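Report on one structure; see the data block that follows.
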Amino acid sequence: MSMQKLSEDDIRRLPKWLVSDSLPPSSRDPLGLQAGAEQLANRLLPGLTVFTYRIGYFFFLSWALRELNKKEDLRIEERLEKLNRLERALVLCETLYHGQDHLKECKHQGQRSKGHLLSQVEAKRASIPDKILKNQNNTGCYNLYRTPMRSCGFWEDDDEAAAQDLIPFRLTSLGEKLANAFSKREYAEDLLKWALNEKKTKSVETIAKWCESFCFCTFNKKSEKKAFLEGFLFANGNNADVVGDADTRQQTLRTLSASSLLFVPISNSSEIIVVSAEGTDGDLSELDALELGGDTSVLLHFYNNSDQKNIEFFIAAAIYEMIGLALNSIWSDLLDFVDAVGRTPLNLWAESVLSKSISTQFWYASLWSPDAQSPQSVDQLVGSLFANSNKVENGLMLALKVLVQDRNRMILSEVPLSFEFLALVEEAFPYDTKESVKDILPNIASILLSRHKEVSRLKGKELWLDTDGEEVMMVDRQKMSLGFHSYRFSQLESLLSDLKLVESDLDNDQ
């Protein structure tokens with residue numbers, strides 16, 4: 001956890017959801033819930049991803065695409081490698097420049113390589129590093145920003161360019177504005193020449209000076225802010241998909257603003273806490289530690305304040321995440337138990353769960369009776385699960401507290417969610433049952449084991465747990481952390497902080 005001192009003016013501009021959401025580190029997706037979360041996230045902030053957290057990359061990439069596609073007699077592979085070199089050169093500049101105390105928190109891709117990059121400086125001179133990321137072709141900015149570039153109407157696919165061995169995108173008029181803005185940075189042309197020259201070294205002082213000109217903290221001049229927001233929020237004159245995505249993002253920002261979540265009043269506090277919070281499936285790039293907290297607080301706010309209009313997708317996302325958290329908590333406890341004791345029948349695991357119970361009445365109550373309702377709030381139960389406290393009992397209490405409400409069932413039926421998720425919920429928590437919580441627990445575990453087998457089969461991944469007759473056995477022990485999936489509010493927060501967005505920026509006539 002890191003601390004960052006901000007001025008009162010900075011705090012006023014920051015979105016209110018930058019709070020101490022103590023969410024866990026990244027984990028994989030044994031029950032296949034990531035896809036449904038992404039579907040909902042796309043209905044709130046389309047075009048953003050868990051990696052699109054800096055405004056500067058939109059400008060840098062648009063400029064780099066234009067300049068590299070101008071170069072003659074290069075194959076597509078060479079153009080992409082030149083683009084990778086440009087990114088590595090930029091990262092080196094940022095690394096050297098942000099060694100200054102007041103700029104240490106300006107994060108950029110490849111930042112984790114800072115020590116390695118600085119160790120390669122010899123006689124106060126440096127060359128472009130050969131590596132800044134584990135696999136730059138996958139985790140570099142070109143690959144990670146293509147989706148938002150198209151969604152915001154800055155880039156368009158260009159099949160003709162691909163046939164000519166060019167990078168297969170063309171800039172729109174909006175993208176040209178971003179490229180022009182970067183090209184006006186004093187040392188942009190010097191950066192390009194250096195990236196195209198394979199062997200040349202530069203002095204540390206020169207490199208750091210360059211970054212003063214195009215540091216990512218500085219892409220918030222009025223003209224640059226307007227150029228970005230024309231695509232991100234307005235997209236006038238663009239195709240229907242781009243306009244639709246912009247309209248959705250604008251509606252989300254206005255909803256956040258109406259709930260006093262978007263802009264923070266001036267505070268006497270000069271400190272905020274920034275934490276890591278992201279759960280995703282598969283391997284993570286170097287960027288995972290740079291993601292900030294906030295998705296949980298936003299979703300739970302709308303869940304607990306449901307009287308506003310046009311917030312169905314916020315509430316649906318909160319319901320989805322709380323039920324998913326409950327299911328993952330039960331799975332996680334079973335995983336821990338089998339890891340500790342070895343092969344075991346499910347009834348022994350269920351007995352161990354009851355032995356740790358703090359509420360006997362809860363377990364013997366029928367599923368939908370008042371006695372099965374926890375006196376704790378959903379926020380308290382979520383917090384307990386994030387802390388890995390009494391995971392099965394608190395998980396079941398959370399799921400039942402959410403599903404017992406008619407409003408939540410109606411939203412689940414009305415908001416488009418995956419059929420597989422709805423079927424999983426109905427099977428695990430049947431609405432017409434009279435069984436007790438205790439009696440249904442082994443059945444839920446069996447359902448989750450079957451679900452995990454199907455997810456693993458579809459993804460072509462190794463099973464974590466498997467069954468052998470009546471027993472459950474460990475196959476491939478994986479790290480399991482509990483938390484909400486990313487709904488990209490953290491990435492939005494970072495973009496808006498870069499822009500120094502104010503409420504009047506939401507109006508297109510500014």
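Against the test of being of a type outside the set (Lys, Arg), open to solvent by less than 10 Å² (accessible area, probe 1.4 Å), modelled with pLDDT of 75 or more and out of contact with any His (no Cβ under 9 Å at 6 or more places or on another chain), the options LEU325, LEU287 yield a single qualifying residue, LEU325.
Residues checked against (1) surrounded by fewer than 24 Cβ atoms within 10 Å (Cβ to Cβ); (2) more than 16 Å from GLY153 (Cα to Cα); (3) in contact with a helix residue (DSSP H, G or I) (Cβ under 7 Å, 6 or more places away or on another chain); (4) modelled with pLDDT of 95 or more:
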residue	(1), (2), (3), (4)
SER27	yes, yes, no, no
GLY32	yes, yes, yes, no
ALA35	yes, yes, no, no
GLU38	yes, yes, no, no
PHE60	no, no, yes, yes
ARG66	yes, no, yes, yes
LYS70	yes, yes, no, no
LEU74	yes, yes, no, no
GLU78	yes, yes, no, no
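Taking the conditions exactly as written (outside any helix (DSSP H, G or I) and among the basic types (Lys, Arg)), does LYS453 satisfy them or not? So that I can check it myself, show each step before the final result.
Working: outside any helix (DSSP H, G or I): no; among the basic types (Lys, Arg): yes.
In short, no.
Conditions tested, residue by residue: (1) assigned to a helix (DSSP H, G or I); (2) farther than 27 Å from LEU422 by Cβ.
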residue: LYS438; (1), (2): yes, no
residue: ASN443; (1), (2): yes, no
residue: ASP476; (1), (2): no, yes
residue: LYS479; (1), (2): no, yes
residue: GLY483; (1), (2): no, no
residue: SER486; (1), (2): no, no
residue: LEU492; (1), (2): yes, yes
residue: ASP498; (1), (2): yes, yes
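Pairs are defined by a Cβ separation below 9 Å, a sequence spacing of at least 6 or placement on different chains, a first member in segment 477-494 that is aromatic (Phe, Trp, Tyr), and a second member that is open to solvent by 20 Å² or more (accessible area, probe 1.4 Å) and not in a loop (DSSP other than H, G, I, E, B); the pairs so defined are PHE484/PHE386; PHE489/SER297. Among the numbered conditions (1) open to solvent by 40 Å² or more (accessible area, probe 1.4 Å); (2) in contact (Cβ under 8 Å) with a residue 40 or more places away in the chain, the only one that GLN361 does not meet is (2). Scanning segment 110-142 for residues that are at pLDDT 80 or above, of a type outside the set (Val, Ile, Thr) and surrounded by 16 or more Cβ atoms within 10 Å (Cβ to Cβ) yields ALA126, SER127, PRO129, LEU133, GLN136, GLY140, CYS141, TYR142.
For segment 143-165: of the residues being over 16 Å from LEU61 (Cα atoms), in contact (Cβ under 8 Å) with a residue 24 or more places away in the chain and out of contact with any Asp or Glu (no Cβ under 9 Å at 6 or more places or on another chain), which is surrounded by the fewest Cβ atoms within 10 Å (Cβ to Cβ)? Per the criteria, the residue is ALA162. Residue pairs whose Cβ atoms lie under 9 Å apart, sitting 6 or more positions apart in sequence or on different chains, and linking a residue in segment 90-102 that is surrounded by fewer than 24 Cβ atoms within 10 Å (Cβ to Cβ) to a partner that is basic (Lys, Arg) and modelled with pLDDT of 80 or more, are TYR97/LYS209.
The values are calculated or read from the model by the stated rules, or taken from the named source; none is laboratory data. Please read these numbers as outputs of a predicted model, since none were measured by experiment. Cβ sites come from the backbone with ideal geometry, for glycine too, and all protein chains shown count toward neighbours. Ligands, DNA and RNA are excluded from the accessible area calculation, which covers all protein heavy atoms including side chains. Shrake-Rupley method; radii C 1.70, N 1.55, O 1.52, S 1.80 Å.
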